[in-house]
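Report on one structure; see the data block that follows.
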Amino acid sequence: MPDPAATPGRLGLGDLVETRVHRPALIAEAAARRARPDSVLAEHGKLMMIAADHPARGALRAGDKPLAMGDRADLLDRLCVALARPGVNGVLGTPDILEDLLLLGALEGKVVVGSMNRGGLAGTAFEIDDRFTAYDAAAIAAAGFEGGKMLTRIDPDDPGTVATLEASGRAVSALAGHGLMAMIEPFISHRDAGGRVRNELTADAMVRATAVAAGLGTTSAYTWLKVPIVDEMERAMEATTLPALILGGEVADDQDAAVAGWAKALALPTVQGLVIGRSLLYPPGDDVAKAVDTAVGIL
(Lines give C-alpha, C1' and ligand atoms only; values in the text may rest on other atoms or scores of the structure.)
Protein backbone atom coordinates (compact mmCIF):
# COMPACT_ATOMS: atom_id res chain seq x y z
CA MET A 1 0.00 0.00 0.00
CA PRO A 2 1.18 3.57 -0.57
CA ASP A 3 2.39 5.55 2.43
CA PRO A 4 -0.37 8.03 3.43
CA ALA A 5 2.37 10.26 4.83
CA ALA A 6 3.37 10.98 1.24
CA THR A 7 0.04 12.70 0.59
CA PRO A 8 0.63 16.42 -0.07
CA GLY A 9 -1.42 18.67 2.18
CA ARG A 10 -2.27 15.81 4.57
CA LEU A 11 -6.01 16.25 4.03
CA GLY A 12 -8.06 13.19 4.79
CA LEU A 13 -11.25 11.97 3.14
CA GLY A 14 -13.32 13.72 5.81
CA ASP A 15 -11.57 17.01 5.10
CA LEU A 16 -12.32 16.71 1.38
CA VAL A 17 -15.99 16.01 2.10
CA GLU A 18 -16.14 18.91 4.56
CA THR A 19 -14.69 21.26 1.96
CA ARG A 20 -17.12 20.09 -0.71
CA VAL A 21 -20.08 20.60 1.64
CA HIS A 22 -19.18 23.94 3.18
CA ARG A 23 -16.59 25.65 0.93
CA PRO A 24 -16.90 24.31 -2.64
CA ALA A 25 -15.54 27.59 -4.03
CA LEU A 26 -12.13 26.56 -2.67
CA ILE A 27 -11.77 24.24 -5.68
CA ALA A 28 -11.76 27.13 -8.15
CA GLU A 29 -9.52 29.12 -5.83
CA ALA A 30 -7.03 26.25 -5.67
CA ALA A 31 -7.04 26.03 -9.47
CA ALA A 32 -6.40 29.76 -9.78
CA ARG A 33 -3.47 29.57 -7.34
CA ARG A 34 -1.90 26.47 -8.86
CA ALA A 35 1.66 26.84 -10.10
CA ARG A 36 1.69 26.12 -13.83
CA PRO A 37 4.46 24.06 -15.46
CA ASP A 38 7.02 25.83 -17.62
CA SER A 39 6.86 23.06 -20.22
CA VAL A 40 4.91 19.91 -21.04
CA LEU A 41 8.24 18.06 -20.83
CA ALA A 42 10.10 17.24 -17.62
CA GLU A 43 13.82 17.55 -16.99
CA HIS A 44 14.37 14.17 -18.66
CA GLY A 45 12.94 15.59 -21.89
CA LYS A 46 9.71 13.58 -21.93
CA LEU A 47 6.17 13.84 -20.55
CA MET A 48 5.60 11.36 -17.69
CA MET A 49 1.91 11.36 -16.88
CA ILE A 50 -0.22 9.32 -14.46
CA ALA A 51 -3.68 8.43 -15.82
CA ALA A 52 -6.69 8.17 -13.50
CA ASP A 53 -9.79 8.78 -15.60
CA HIS A 54 -11.00 5.15 -15.59
CA PRO A 55 -13.63 5.30 -12.79
CA ALA A 56 -15.92 7.79 -14.54
CA ARG A 57 -16.37 5.30 -17.38
CA GLY A 58 -17.24 2.53 -14.92
CA ALA A 59 -13.87 0.79 -15.54
CA LEU A 60 -12.78 0.02 -11.98
CA ARG A 61 -10.78 -3.20 -12.47
CA ALA A 62 -7.04 -3.35 -11.85
CA GLY A 63 -5.43 -6.76 -12.26
CA ASP A 64 -7.51 -9.41 -10.48
CA LYS A 65 -9.44 -6.86 -8.40
CA PRO A 66 -12.71 -5.93 -10.13
CA LEU A 67 -13.39 -2.87 -7.94
CA ALA A 68 -9.83 -1.78 -7.16
CA MET A 69 -10.40 1.80 -8.31
CA GLY A 70 -13.70 2.00 -6.43
CA ASP A 71 -11.99 3.01 -3.16
CA ARG A 72 -11.49 6.76 -3.65
CA ALA A 73 -9.32 7.38 -0.56
CA ASP A 74 -7.00 4.54 -1.58
CA LEU A 75 -6.86 5.78 -5.19
CA LEU A 76 -6.00 9.32 -4.04
CA ASP A 77 -3.24 7.99 -1.78
CA ARG A 78 -1.78 6.08 -4.71
CA LEU A 79 -2.02 9.09 -7.00
CA CYS A 80 -0.32 11.37 -4.50
CA VAL A 81 2.52 8.89 -4.05
CA ALA A 82 2.95 8.61 -7.83
CA LEU A 83 2.78 12.36 -8.49
CA ALA A 84 5.35 13.07 -5.78
CA ARG A 85 8.00 10.83 -7.37
CA PRO A 86 10.90 12.59 -9.19
CA GLY A 87 10.40 12.79 -12.93
CA VAL A 88 6.59 12.56 -12.87
CA ASN A 89 5.28 15.80 -14.34
CA GLY A 90 1.65 15.21 -15.31
CA VAL A 91 -1.73 13.71 -14.53
CA LEU A 92 -4.84 12.84 -16.52
CA GLY A 93 -8.23 12.73 -14.80
CA THR A 94 -11.90 13.66 -14.64
CA PRO A 95 -13.18 16.70 -12.70
CA ASP A 96 -13.91 14.82 -9.48
CA ILE A 97 -10.41 13.34 -9.23
CA LEU A 98 -8.52 16.42 -10.38
CA GLU A 99 -10.46 18.60 -7.95
CA ASP A 100 -9.60 16.29 -5.04
CA LEU A 101 -5.96 16.47 -6.11
CA LEU A 102 -6.17 20.26 -6.32
CA LEU A 103 -7.41 20.42 -2.72
CA LEU A 104 -4.63 18.05 -1.67
CA GLY A 105 -2.02 20.32 -3.29
CA ALA A 106 -0.81 17.51 -5.54
CA LEU A 107 -1.03 19.37 -8.87
CA GLU A 108 1.52 22.12 -8.27
CA GLY A 109 3.76 22.48 -11.32
CA LYS A 110 2.16 19.48 -13.05
CA VAL A 111 0.86 19.16 -16.61
CA VAL A 112 -2.86 18.62 -16.00
CA VAL A 113 -5.05 17.12 -18.73
CA GLY A 114 -8.81 16.84 -18.24
CA SER A 115 -10.64 13.78 -19.53
CA MET A 116 -13.59 14.84 -21.69
CA ASN A 117 -15.73 11.94 -23.00
CA ARG A 118 -16.74 9.40 -20.37
CA GLY A 119 -20.23 8.62 -21.67
CA GLY A 120 -19.30 5.33 -23.37
CA LEU A 121 -19.56 3.33 -20.16
CA ALA A 122 -17.64 0.07 -20.11
CA GLY A 123 -19.75 -2.98 -20.93
CA THR A 124 -22.81 -1.10 -22.20
CA ALA A 125 -24.74 -1.33 -25.47
CA PHE A 126 -23.91 2.34 -26.12
CA GLU A 127 -20.19 2.12 -25.33
CA ILE A 128 -18.99 3.25 -28.76
CA ASP A 129 -21.26 6.32 -28.80
CA ASP A 130 -18.85 7.95 -26.37
CA ARG A 131 -20.55 11.19 -25.37
CA PHE A 132 -18.65 14.14 -23.93
CA THR A 133 -19.93 14.12 -20.37
CA ALA A 134 -16.98 15.51 -18.36
CA TYR A 135 -14.74 18.47 -19.21
CA ASP A 136 -15.23 20.73 -22.20
CA ALA A 137 -12.56 23.02 -23.63
CA ALA A 138 -13.91 26.15 -21.92
CA ALA A 139 -13.85 24.52 -18.48
CA ILE A 140 -10.31 23.19 -19.01
CA ALA A 141 -9.13 26.67 -20.01
CA ALA A 142 -10.94 28.29 -17.07
CA ALA A 143 -9.26 25.88 -14.64
CA GLY A 144 -5.85 26.74 -16.04
CA PHE A 145 -5.14 23.18 -17.12
CA GLU A 146 -2.88 22.25 -20.02
CA GLY A 147 -5.14 20.15 -22.22
CA GLY A 148 -8.01 17.75 -22.75
CA LYS A 149 -8.11 14.07 -23.63
CA MET A 150 -10.68 12.16 -25.67
CA LEU A 151 -11.09 8.43 -26.23
CA THR A 152 -11.98 7.90 -29.90
CA ARG A 153 -12.91 4.33 -30.80
CA ILE A 154 -13.82 3.48 -34.39
CA ASP A 155 -16.10 0.45 -34.80
CA PRO A 156 -16.93 -0.12 -38.49
CA ASP A 157 -20.12 -1.96 -37.48
CA ASP A 158 -21.42 0.55 -34.92
CA PRO A 159 -23.16 3.73 -36.17
CA GLY A 160 -22.36 5.36 -32.83
CA THR A 161 -18.81 5.82 -34.09
CA VAL A 162 -19.67 8.83 -36.21
CA ALA A 163 -21.12 10.76 -33.26
CA THR A 164 -17.91 10.22 -31.31
CA LEU A 165 -15.79 11.29 -34.28
CA GLU A 166 -17.83 14.45 -34.76
CA ALA A 167 -17.65 15.35 -31.07
CA SER A 168 -13.92 14.64 -30.96
CA GLY A 169 -13.37 16.90 -33.97
CA ARG A 170 -15.24 19.73 -32.26
CA ALA A 171 -13.24 19.21 -29.06
CA VAL A 172 -9.92 19.32 -30.93
CA SER A 173 -10.93 22.62 -32.56
CA ALA A 174 -12.16 24.14 -29.29
CA LEU A 175 -9.02 23.18 -27.37
CA ALA A 176 -6.82 24.55 -30.15
CA GLY A 177 -8.79 27.80 -29.96
CA HIS A 178 -7.50 28.14 -26.39
CA GLY A 179 -3.97 27.03 -27.35
CA LEU A 180 -4.38 23.81 -25.35
CA MET A 181 -3.24 20.26 -26.03
CA ALA A 182 -5.83 17.90 -27.54
CA MET A 183 -4.86 14.35 -26.57
CA ILE A 184 -6.66 11.77 -28.75
CA GLU A 185 -6.68 8.08 -27.81
CA PRO A 186 -7.69 6.30 -31.06
CA PHE A 187 -8.55 2.64 -31.59
CA ILE A 188 -10.14 0.42 -34.20
CA SER A 189 -12.65 -1.54 -32.12
CA HIS A 190 -15.03 -4.48 -32.60
CA ARG A 191 -17.53 -6.37 -30.46
CA ASP A 192 -16.68 -9.99 -29.74
CA ALA A 193 -19.15 -12.89 -29.78
CA GLY A 194 -20.25 -11.95 -26.27
CA GLY A 195 -20.92 -8.33 -27.24
CA ARG A 196 -17.90 -6.90 -25.43
CA VAL A 197 -15.93 -4.10 -27.10
CA ARG A 198 -12.38 -5.17 -27.94
CA ASN A 199 -9.67 -2.91 -29.32
CA GLU A 200 -7.71 -4.25 -32.30
CA LEU A 201 -4.08 -4.04 -31.19
CA THR A 202 -2.26 -4.53 -34.49
CA ALA A 203 -0.01 -2.24 -36.50
CA ASP A 204 -2.50 -2.14 -39.39
CA ALA A 205 -5.33 -1.10 -37.05
CA MET A 206 -3.23 1.58 -35.38
CA VAL A 207 -2.11 3.01 -38.73
CA ARG A 208 -5.75 3.41 -39.72
CA ALA A 209 -6.89 4.76 -36.33
CA THR A 210 -3.98 7.20 -36.17
CA ALA A 211 -4.65 8.48 -39.67
CA VAL A 212 -8.28 9.21 -38.78
CA ALA A 213 -7.43 10.81 -35.43
CA ALA A 214 -4.78 13.08 -36.92
CA GLY A 215 -7.32 14.60 -39.29
CA LEU A 216 -9.89 15.57 -36.66
CA GLY A 217 -10.61 19.23 -36.02
CA THR A 218 -9.85 22.46 -37.81
CA THR A 219 -6.13 22.28 -36.95
CA SER A 220 -3.73 19.61 -35.75
CA ALA A 221 -1.27 22.14 -34.31
CA TYR A 222 -2.07 21.19 -30.71
CA THR A 223 -2.99 17.52 -31.23
CA TRP A 224 -1.11 14.71 -29.49
CA LEU A 225 -1.90 11.00 -29.67
CA LYS A 226 -2.18 8.47 -26.84
CA VAL A 227 -1.44 5.02 -28.26
CA PRO A 228 -0.93 1.43 -27.10
CA ILE A 229 2.07 -0.83 -27.68
CA VAL A 230 1.53 -3.10 -30.71
CA ASP A 231 3.73 -5.41 -32.74
CA GLU A 232 5.62 -3.52 -35.45
CA MET A 233 5.34 -0.33 -33.39
CA GLU A 234 7.74 1.41 -35.76
CA ARG A 235 5.30 0.99 -38.66
CA ALA A 236 2.37 2.13 -36.55
CA MET A 237 4.18 5.34 -35.61
CA GLU A 238 5.22 6.07 -39.19
CA ALA A 239 1.59 6.97 -39.96
CA THR A 240 1.83 10.50 -38.54
CA THR A 241 4.11 13.38 -37.54
CA LEU A 242 2.00 14.15 -34.47
CA PRO A 243 3.68 13.66 -31.08
CA ALA A 244 2.58 10.45 -29.36
CA LEU A 245 2.42 9.18 -25.79
CA ILE A 246 2.44 5.50 -24.86
CA LEU A 247 -0.42 4.24 -22.70
CA GLY A 248 -0.01 1.49 -20.15
CA GLY A 249 -3.24 -0.49 -20.50
CA GLU A 250 -4.17 -3.31 -18.14
CA VAL A 251 -1.96 -4.37 -15.23
CA ALA A 252 0.55 -6.77 -16.78
CA ASP A 253 1.39 -10.19 -15.38
CA ASP A 254 4.97 -9.59 -16.53
CA GLN A 255 5.75 -6.02 -15.49
CA ASP A 256 9.35 -6.24 -16.70
CA ALA A 257 8.18 -7.12 -20.21
CA ALA A 258 5.73 -4.21 -20.16
CA VAL A 259 8.46 -1.77 -19.13
CA ALA A 260 10.76 -3.14 -21.84
CA GLY A 261 8.02 -2.50 -24.41
CA TRP A 262 7.61 1.08 -23.22
CA ALA A 263 11.37 1.62 -23.41
CA LYS A 264 11.55 0.32 -26.98
CA ALA A 265 8.68 2.58 -28.08
CA LEU A 266 10.31 5.62 -26.46
CA ALA A 267 13.18 5.30 -28.92
CA LEU A 268 10.86 6.19 -31.81
CA PRO A 269 11.04 9.84 -32.95
CA THR A 270 7.35 10.68 -32.53
CA VAL A 271 7.04 9.17 -29.03
CA GLN A 272 7.36 11.90 -26.42
CA GLY A 273 6.52 10.14 -23.19
CA LEU A 274 4.24 7.85 -21.19
CA VAL A 275 0.67 8.09 -19.89
CA ILE A 276 0.36 5.16 -17.48
CA GLY A 277 -2.48 4.45 -15.06
CA ARG A 278 -3.33 1.13 -13.47
CA SER A 279 0.01 -0.50 -14.33
CA LEU A 280 1.75 1.95 -11.99
CA LEU A 281 -1.03 2.68 -9.50
CA TYR A 282 -1.80 -1.01 -8.83
CA PRO A 283 1.42 -2.80 -9.79
CA PRO A 284 2.35 -6.39 -8.95
CA GLY A 285 3.72 -6.26 -5.40
CA ASP A 286 1.67 -3.09 -4.74
CA ASP A 287 4.75 -0.83 -4.43
CA VAL A 288 3.59 2.29 -6.27
CA ALA A 289 6.75 4.30 -5.69
CA LYS A 290 9.01 1.53 -7.01
CA ALA A 291 6.83 0.95 -10.10
CA VAL A 292 6.79 4.67 -10.91
CA ASP A 293 10.53 5.04 -10.40
CA THR A 294 11.13 2.11 -12.76
CA ALA A 295 9.02 3.77 -15.46
CA VAL A 296 10.74 7.12 -14.96
CA GLY A 297 14.09 5.36 -15.20
CA ILE A 298 13.52 4.38 -18.84
CA LEU A 299 13.02 8.04 -19.79
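Before moving on, here are some points about what is shown:
- Per residue, the chain reaches -11000 deg cm²/dmol at 222 nm when only DSSP H runs of four or more residues are counted, each adding -39500 (n - 2.57).
- Amide H contacts of GLY273 (H built 1.01 Å from N, under 5 Å, at least 5 apart or other chain): LEU47, ILE246
- Net charge contributed by nearby residues that have their C-beta within less than 12 Å of VAL111 (K/R +1, D/E -1): +2
- Amide H contacts of GLU200 (H built 1.01 Å from N, under 5 Å, at least 5 apart or other chain): ILE188, SER189, HIS190
- For the chain, a Gaussian network of Cα nodes joined below 10 Å ranks MET233, MET206, MET150 by mean-square fluctuation, and the top entry is MET233.
- Total charge dipole magnitude, the chain, about the Cα centre, Cβ charges on Lys, Arg, Asp, Glu only, Debye to nearest 20: 620 debye
- Between 0 and 90°, nearest 10: helix 255-266 axis offset from the chain longest Cα axis: 70 degrees
- Cβ-defined net charge surrounding ASP71, 12 Å radius [Lys, Arg +1; Asp, Glu -1]: +1
- Remark: the chain carries 42 Å² of accessible area per residue (probe radius 1.4 Å; ligands, DNA and RNA excluded).
- In segment 89-155, Rg over Rh equals 1.03, where Rg is the alpha-carbon radius of gyration and Rh the Kirkwood radius from pairwise Cα distances.
- Dipole-positive endmost among VAL91, THR218, VAL162 within segment 81-227 (Cβ charges, Cα centre): VAL91
- Residues THR294 and HIS22, FRET efficiency given R0 of 35 Å [Cβ-Cβ distance, rounded to 0.05]: 0.30
- Summing Lys and Arg as +1 and Asp and Glu as -1 over all other residues whose Cβ lies under 12 Å from the Cβ of ALA134 gives a net charge of -1.
- Potential lengthening between LYS264 and THR202 on full extension [0.36 nm per residue; Cα-Cα distance subtracted]: 20.7 nm
- The spacing between segment 237-252 and segment 23-98, judged by their C-alpha centroids, is 19 Å.
- Lys/Arg +1, Asp/Glu -1 at C-beta; the chain dipole; positive extreme among VAL172, ALA257, LEU274: VAL172
- Rounded percent of accessible protein surface that carbon and sulfur make up, segment 11-92, 1.4 Å probe: 55 percent
- The value of relative contact order for segment 156-299, using C-alpha pairs under 8 Å at least six residues apart, is 19 percent.
- Convex hull volume per residue, computed on the Cα atoms of segment 181-298, equals 117 Å³.
The values are calculated or read from the model by the stated rules, or taken from the named source; none is laboratory data. Only a predicted model underlies this, so the values are computations on that prediction, with no experimental measurement involved. A quick note on method: Cβ atoms are made from the backbone with ideal geometry, for glycine too, and the neighbour counts reach across all protein chains shown. SASA here: full protein model, heavy atoms, side chains in, ligands and nucleic acids out. Shrake-Rupley method; radii C 1.70, N 1.55, O 1.52, S 1.80 Å.
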